[in-house]
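Below is one structure; the comments refer to it alone.
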Amino acid sequence: MAGGLPFLPAGTTIPPAPYLVGVLLAAGAVAVALRRRRPRVTGRRVLALAPWMALGSAVHVLYVVDALPPLLSPLAGSPTVYLTVGTLAGAAWLAADAVRPDRVSESLALAGALCLAPVVAVAVSTGLSSEGARWSTIALALTVPITGAVWVALTRLRPEAAVTGGVGALAVFGHALDGVSTAVGTAQLGFGERTPVSRILLELGGLPSLPVLGEGWLFLLVKLAVASAVVWLFAEYVRETPAEGYLLLGFVAAVGLGPAAHNLLLFAIAG
């Protein structure tokens, strides 16, 4: 357990040594294989990783509600689960690039979706909260127009940002969904925030309360500002060095989409 440290999110855990060594060795092997093969990186291929971004968080929800077999549970703690799923995604990318190099995006997205679906099904089978599911749906419904408005404003203020395409839009969407779902979970369902900096923003007093979002609108505003700034700054990087730019922007998207997916699924079964 490492969550007692002030700069780490609550619930941070370190798995037993055999699991940790195994995950690190597997991750290293996949990283070396990717470096040697150097599969082509495009916006479509990074966008195809979206189901994998949600998969890690969905598996962690099973860990939180104690719905995993003891043999697999150590692999699903945070942050180990993200390294585990990242390794699987990298292996899937290598396999797709070797078997069907002309359909990597489709194969990668399909593989991620096929892995994600049973995990979500198992989570839902543990029990569905009608109130939690309703607020998860509301959070998702609110996020769509918010993302659209932010994306339109961003590309009008800086037309060059459009070069980031679907990956840039996914980054904005992921952080918007994280912000909205966190605010909704805090205001409507009584959930707390595990990340220290986020918790500070959510616990500031004296702010006016908005419908649905409560006082969490400030957290959402900060998330949107940060995501927009990153896309703004990455526009030139993506244009000049597309492979690196798309990969790093994909990581930024994952940092928002992962926690957002965790929120929606956890609310739906434990709200």
If r is the Cβ-Cβ distance from ARG156 to LEU247 and R0 is 22 Å, what FRET efficiency results, to the nearest 0.05? 0.25
Choose one of GLY214, GLY132, THR195: the residue whose Cα lies farthest towards the positive end of the charge dipole of the chain (beta-carbon charges +1 Lys, Arg; -1 Asp, Glu; about the Cα centre). THR195
At R0 = 30 Å, FRET efficiency that the Cβ-Cβ distance of GLU240 and LEU71 yields, to 0.05: 0.05
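Indicate the gyration tensor shape class of segment 29-128 (rounded, prolate or oblate), computed on the Cα atoms with a ≥ b ≥ c the square roots of the eigenvalues: a/c under 1.5 is rounded; otherwise a/b larger than b/c is prolate and the rest oblate.
Values: a/c = 2.80, a/b = 1.78, b/c = 1.57.
Prolate shape, in that a/c is at least 1.5 and a/b is the bigger ratio.
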Could you pull out every residue, at least 5 positions away or on a different chain, whose amide H is within less than 5 Å of the one on LEU68? Hs are placed 1.01 Å off N in the peptide plane, and Pro or chain starts have none. none
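Expressed in nm to one decimal, what extension gain is obtained for the pair LEU207 and VAL41 from 0.36 nm per residue of sequence separation less their Cα-Cα distance?
55.4 nm
Would you please classify the overall shape of segment 128-271 from the alpha carbon gyration tensor, given that a ≥ b ≥ c denote the square roots of the eigenvalues, rounded means a/c under 1.5, and beyond that prolate means a/b larger than b/c while oblate covers the rest? Provide the component values of the computation, followed by the final result.
Numbers: a/c = 2.12, a/b = 1.82, b/c = 1.16.
Note, shape of segment 128-271 comes out prolate.
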Taking square-rooted eigenvalues a ≥ b ≥ c of the alpha carbon gyration tensor, is the chain rounded, prolate or oblate, where a/c under 1.5 means rounded and, failing that, a/b exceeding b/c means prolate? oblate
Can you give the relative contact order of the chain as a percent, counting alpha carbon pairs under 8 Å and 6+ residues apart? 27
For the chain, calculated [θ]222 nm from helices alone, where every DSSP H run of n ≥ 4 adds -39500 (n - 2.57): -24500 deg cm²/dmol
I want to check the label-to-label distance for ALA95 and ALA33. Put each point 7 Å from Cα in the C-beta direction and report it in nm to one decimal. 0.9
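For the chain, give the magnitude of the charge dipole about the Cα centre (Cβ charges: +1 Lys/Arg, -1 Asp/Glu; no others), in debye to the nearest 20.
Working: 16 positive and 13 negative charges, 140 e Å.
Rounded to the nearest 20 debye, it is 680 debye.
For THR137 and VAL122 in one chain, what is 0.36 nm times their gap in residues minus the Cα-Cα distance, to one decimal in nm? Could the numbers behind the result be given before it?
On the way: separation 15, 0.36 × 15 = 5.40 nm, distance 1.90 nm.
Difference between extended and current length: 3.5 nm.
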Estimated vicinal HN-Hα couplings, Hz - segment 98-104 in sequence order (Karplus 6.51, -1.76, 1.60; Gly, Pro = x): 7, 8, 9, x, 8, 10, 4
Short version: ³J(HN,Hα) in whole Hz for each residue of segment 137-150, in order, from phi by Karplus 6.51 cos²θ - 1.76 cosθ + 1.60 (θ = phi - 60°), x for Gly and Pro, what are they? 5, 4, 4, 5, 5, 5, 5, 4, x, 5, 4, x, 5, 5
Trypsin sites (Lys or Arg not before Pro) in segment 20-116 lying in a DSSP loop, each with at most 14 other Cβ atoms within 10 Å of its Cβ, come to ARG40
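Every read-out reported here was derived from the displayed coordinates using simple, explicitly stated rules and does not represent laboratory data. In this text the structure is predicted, and so the values were computed from the model without any measurement. A quick note on method: Cβ atoms are made from the backbone with ideal geometry, for glycine too, and the neighbour counts reach across all protein chains shown.
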